[in-house]
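Please treat every number below as a calculation from the coordinates, not as lab data. Since the structure is predicted, the reported quantities are computational estimates derived from the model, not experimental observations. Note that each Cβ is placed from the backbone with ideal geometry, even for glycine, and that neighbours are counted across all protein chains shown.
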Amino acid sequence: MEARDILIRPIVTEKSTALMEQGKYTFRVPLAATKIQIRQAVEQIFKVKVQAVNTMRYEGKLKRMGRTQGRRSDWKKAVVTLKPGEAIELFEG
């Protein structure tokens, strides 16, 4: 997988914005992505040093439209902690 395929999009919520002050950035990643691949992708794309990567898997929610019932896709979130003094400029403006 290419580095751009690993990071699907940043997750911007109140909680993730508060984590940015601590040097932690949150991304949505593919289910098959490993912590090593996520670390390499962030370092390559943003030119920063990564200290740690934590991942969480989420089950898709059940959704209904009338009588029909479906399910959203499962997804994976990665919280990337940068080394002290590092920052991603994309989020700081």
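At-a-glance table
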| item | result |
| --- | --- |
| Value of relative contact order over the chain, rounded to a whole percent, pairs C-alpha under 8 Å and six or more apart | 31 |
| Acute angle (nearest 10 degrees) that the helix 35-46 long axis makes with the longest principal axis of the chain, alpha-carbon atoms | 60 |
| Lysine pairs meeting the criterion (Cα under 24 Å, 8 or more apart or interchain), as found in the chain | 28 |
| Chain lengthening between Thr68 and Glu2 when straightened (0.36 nm per residue, less Cα-Cα) | 20.0 nm |
| Unit charges at the beta carbon, dipole of segment 39-85: most positive-side option, Leu82, Gly66, Thr55 | Gly66 |
| Cα point-scatterer Debye curve for the chain, base-10 log of I(q)/I(0) at q = 0.12, 0.17, 0.23 Å⁻¹ | -0.41, -0.72, -1.16 |
| ³J(HN,Hα) computed for each position of segment 15-27 - Karplus, 6.51 cos²θ - 1.76 cosθ + 1.60, integer Hz, glycine/proline x | 5, 5, 5, 5, 5, 4, 5, 8, x, 10, 10, 10, 9 |
